[in-house]
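Step one of this worksheet: look at the structure below.
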Amino acid sequence: MRPSPGSSPDTEHADAPGTFWWNNTVFYQVYVRSFADANGDGVGDLEGIRARLGYLELLGIDALWLTPFYRSPMADHGYDVADPRDVDPLFGDLAAFDRLVADAHSRGIRVTVDLVPNHSSDQHEWFQEALRAAPGSRERERYVFRDGRGADGSEPPNNWPSIFGGPAWSRVPDGQWYLHLFAPEQPDLNWANPEVAEDLDRTLRFWLDRGVDGFRIDVAHGMAKSADLPDVGDGFISGTAVLHDNDNDPRFDNDEVHEIHRRIRKVLDEYPDRMAVGEIWVKGDDRFAAYVRPDELHLGFNFRLVETEFDAEQVRSAIDHSIAAVRTVGALPTWTLSNHDVVRHATRYGDGELGQARARAMALVELALPGVVYLYNGEELGLPNVDLPDWALQDPVWERSGRTERGRDGCRVPMPWEGDGPTFGFTTGETTWLPMPQDWGSLTVEAQLEDPGSMLSLYRQAIELRRTHPGFAGEEIEWYGAPEGCCAFRRRSGGLICALNTSDAPVPLPPGEVVLASAPLADGELPPNAAVWLA
Ligand code: NOJ
């Protein structure tokens, strides 16, 4: 039996009173465009997700994170929001959203939604009003407009690069410039203006009143800009997509951002059992921890495993840092291997079978850890990143970088559900918004569901065990001594052991009964590129 939303928190595995439903939860990120298309236009939609809830229940996940489905011209595929309190017709309407939430809840699946407070679309009515209004007007004060530098103001106000390439400033006809840390179609909002915060409160309440269980907050380390907008210094690395590679980057992680999170938290606290997770790309455990203090975000996306190679020492260090950071402020760690912004991990870890074997191993590592797991749709099928032809690329990064960076489309290719192509049951139409590789027949849900050796079967078993096996009790882990190229940890209260072998040779298994293995075990040994659970 799964707890249903609204019931008291599931304390099955909790060893401390007062834990909340998101503790030990497996979230599943639905990239809405790419999950399932119900109306045949080749783009995923809300009805498509609803039609596949049975699959998600079978997979065993506890909660969804839906990427933005709000009204948008789709310059950044929905992260450019023109109306945050309505559904884009491409994805459905508010009634479809309500049906999705109701059906998910009736299956015991919680629903969290994306929130994009750092910027709006340039088609948002506020920005259109700002363009029509004069410099210095109230309308311009909702965004970050400035006069340019140089005698005639023809130089941008500072030297900030945009995350997607090119300068972070664009000029409007009367000569002023506006800031956009991402695409020019995504003007940054001015968080020093109380109107901006008030509007976000409205958006939060709008969706909370509709029954959402929480939010994923986009660029949660952004929003606040220091008033003097200082130049970035020498040696600054730009053009790194969403990664934040600089120790000192005036565009992000300004201290004023914490006041914004405290305000968001106050609204959430008016509603029982709701949560927020922030996208936080910052340097250092302390900077990270500040975002998940008790009166700010409940959870922070931790990208340490995303940034880690398939190497036992690095994996161990990533885990240690992640746990240490949040423990200082009493928050839970989160774990993620892939999302819609990074190269899929099956590809990051190696080509073909090697990547698959390592992805299986890392799935067991991730799902053995205490705290909160975020899966990205398709990873449970072992989907690789796709090398798309130039003509198919749609990510703004491609054009903004002068076609030097291919962008993130390769990890956003639609889900293969069944059959041998061409659209693998993703849509009833004939084409999909990104082309699907025609050799994905063996990766479909249909092909994997009944195959006990498939990636999907591994995920299903692992998620089920995570929820039911007593070995997962407690919040602490301890490390075992392990041979070179290996690491092994144990859940301190429950006793489950997870061992990972990233070396080239088989190693002896730690003592215990095998609960689940990512690869066949022989002669009491764990093969290379594999992980095992023992109890
Ligand atoms: C982070 C999102 O995950 C990414 O997809 C988006 O492009 C940027 N924020 C801008 O909203």
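The values are calculated or read from the model by the stated rules, or taken from the named source; none is laboratory data. Predicted model, so just to flag it, every value in this text is computed and none were measured. FYI the Cβ positions are ideal-geometry reconstructions off the backbone, even for glycines, and counts take in every protein chain you see. Surface areas here come from the heavy atoms of the whole protein model, side chains and all, with no ligands, DNA or RNA. Shrake-Rupley method; radii C 1.70, N 1.55, O 1.52, S 1.80 Å.
Here are GLU313, GLU309: which of them is surrounded by fewer than 21 Cβ atoms within 10 Å (Cβ to Cβ) and touching a strand residue (DSSP E or B) at 6+ places or on another chain (Cβ under 8 Å)? Before you say what the answer is, go through the steps one by one.
On the way: GLU309 fails: touching a strand residue (DSSP E or B) at 6+ places or on another chain (Cβ under 8 Å).
Checking each option against the conditions leaves just GLU313.
The set of residues in segment 105-124 being open to solvent by 10 Å² or more (accessible area, probe 1.4 Å) and within 13 Å of the ligand (Cβ to nearest atom) consists of VAL116 alone. Restricting ASP234, ASP269 to those that are assigned by TED's automatic domain parsing to the domain that holds HIS77 and open to solvent by 30 Å² or more (accessible area, probe 1.4 Å) reduces the list to ASP269.
Taking segment 95-118 only, how many residues are in a helix (DSSP H, G or I) and either among the aliphatic types (A, V, I, L, M) or over 23 Å from MET74 (Cα atoms) (or both)? Break it down stepwise before answering.
First, pick out the residues of segment 95-118 that are in a helix (DSSP H, G or I): 95-106.
Right, trim to either among the aliphatic types (A, V, I, L, M) or over 23 Å from MET74 (Cα atoms) (or both) and you get 95-96, 99-106.
Selection size over segment 95-118: 10.
Just a yes or no: is a residue in segment 202-210 within 16 Å of the ligand (Cβ to nearest atom) and surrounded by 15 or more Cβ atoms within 10 Å (Cβ to Cβ)? Don't jump to the end; show me each part of the working.
To start, the set of residues in segment 202-210 that are within 16 Å of the ligand (Cβ to nearest atom) comprises 203.
Of the ones still in play, those that are also surrounded by 15 or more Cβ atoms within 10 Å (Cβ to Cβ) are 203.
Yes, segment 202-210 has at least one match.
Inside segment 351-370, residues that are in contact (Cβ under 8 Å) with a residue 60 or more places away in the chain and either part of a loop (DSSP other than H, G, I, E, B) or not small (Gly, Ala, Ser) (or both) make up a count of 11. Return yes when TRP169 is more than 16 Å from the ligand (Cβ to nearest atom), in contact with a His (Cβ under 8 Å, 6 or more places away or on another chain) and farther than 24 Å from ARG304 by Cβ and no when it is not. So TRP169 fits the description; yes.
Would it be correct to say that ARG50 is away from the ligand (no atom under 16 Å from the Cβ), in contact (Cβ under 8 Å) with a residue 40 or more places away in the chain and over 21 Å from the mean Cα position of the chain (by Cα)? Working first, answer last.
Numbers: away from the ligand (no atom under 16 Å from the Cβ): yes; in contact (Cβ under 8 Å) with a residue 40 or more places away in the chain: yes; over 21 Å from the mean Cα position of the chain (by Cα): no.
The answer is no for ARG50.
You will find that of GLY352, GLY300, GLY330, the residue that is open to solvent by less than 20 Å² (accessible area, probe 1.4 Å) and in the same structural domain as ARG287 (by TED's automatic domain parsing) is GLY300 and no other.
Of the conditions (1) modelled with pLDDT of 95 or more; (2) open to solvent by 10 Å² or more (accessible area, probe 1.4 Å), ASP285 fails just one. Which one is it? Here ASP285 meets the rest and fails (1). Do we find that VAL413 is hydrophobic (A, V, I, L, M, F, W, C) and either surrounded by 24 or more Cβ atoms within 10 Å (Cβ to Cβ) or within 16 Å of the ligand (Cβ to nearest atom) (or both) in this structure? It is true that VAL413 is hydrophobic (A, V, I, L, M, F, W, C) and either surrounded by 24 or more Cβ atoms within 10 Å (Cβ to Cβ) or within 16 Å of the ligand (Cβ to nearest atom) (or both). Residues in segment 483-500 that are more than 27 Å from the chain's Cα centre (by Cα) and either within 24 Å of ALA346 (Cβ to Cβ) or at pLDDT below 95 (or both): GLY485, CYS486.
Do the conditions hold for SER154, that is, is it away from the ligand (no atom under 16 Å from the Cβ) and modelled with pLDDT under 95?
It is false that SER154 is away from the ligand (no atom under 16 Å from the Cβ) and modelled with pLDDT under 95.
Of the residues making up segment 159-198, those that are open to solvent by less than 30 Å² (accessible area, probe 1.4 Å) and either among the acidic types (Asp, Glu) or on the phi > 0 side of the Ramachandran plot (or both) number 3. The sole residue among VAL343, VAL326, VAL373, VAL315 that is touching a Cys at 6+ places or on another chain (Cβ under 7 Å) and either outside any loop (DSSP other than H, G, I, E, B) or more than 16 Å from the ligand (Cβ to nearest atom) (or both) is VAL315. All of (1) within 24 Å of LEU354 (Cβ to Cβ); (2) buried (at least 23 other Cβ atoms within 10 Å of the Cβ); (3) in contact with a Phe, Trp or Tyr (Cβ under 7 Å, 6 or more places away or on another chain) hold for LEU526 with one exception: (3).
Given the criteria modelled with pLDDT under 95, among the charged types (D, E, K, R) and on the phi > 0 side of the Ramachandran plot, does ASP234 qualify? Give the derivation first.
Numbers: modelled with pLDDT under 95: yes; among the charged types (D, E, K, R): yes; on the phi > 0 side of the Ramachandran plot: no.
Here the answer is no, as ASP234 does not meet what is asked.
In the condition set (1) within 27 Å of ALA531 (Cβ to Cβ); (2) crowded, with 17+ Cβ neighbours inside 10 Å, ALA324 is compliant with all but (2). Selection of first residues in segment 385-406 that are within 16 Å of ALA75 (Cα to Cα) and away from the ligand (no atom under 15 Å from the Cβ) and of second residues that are at pLDDT 95 or above and not hydroxyl-bearing (Ser, Thr, Tyr), restricted to Cβ pairs under 8 Å at least 6 apart or on distinct chains, gives the following pairs, ordered by first then second residue: ALA392/ASP409; ALA392/LEU434; ALA392/PRO435.
Counting the residues of segment 507-523 that are modelled with pLDDT of 95 or more, surrounded by fewer than 17 Cβ atoms within 10 Å (Cβ to Cβ) and not in a strand (DSSP E or B) gives 4. Inside segment 435-482, can you point out the residues that are basic (Lys, Arg) and open to solvent by less than 70 Å² (accessible area, probe 1.4 Å)? Selection gives ARG466, ARG467.
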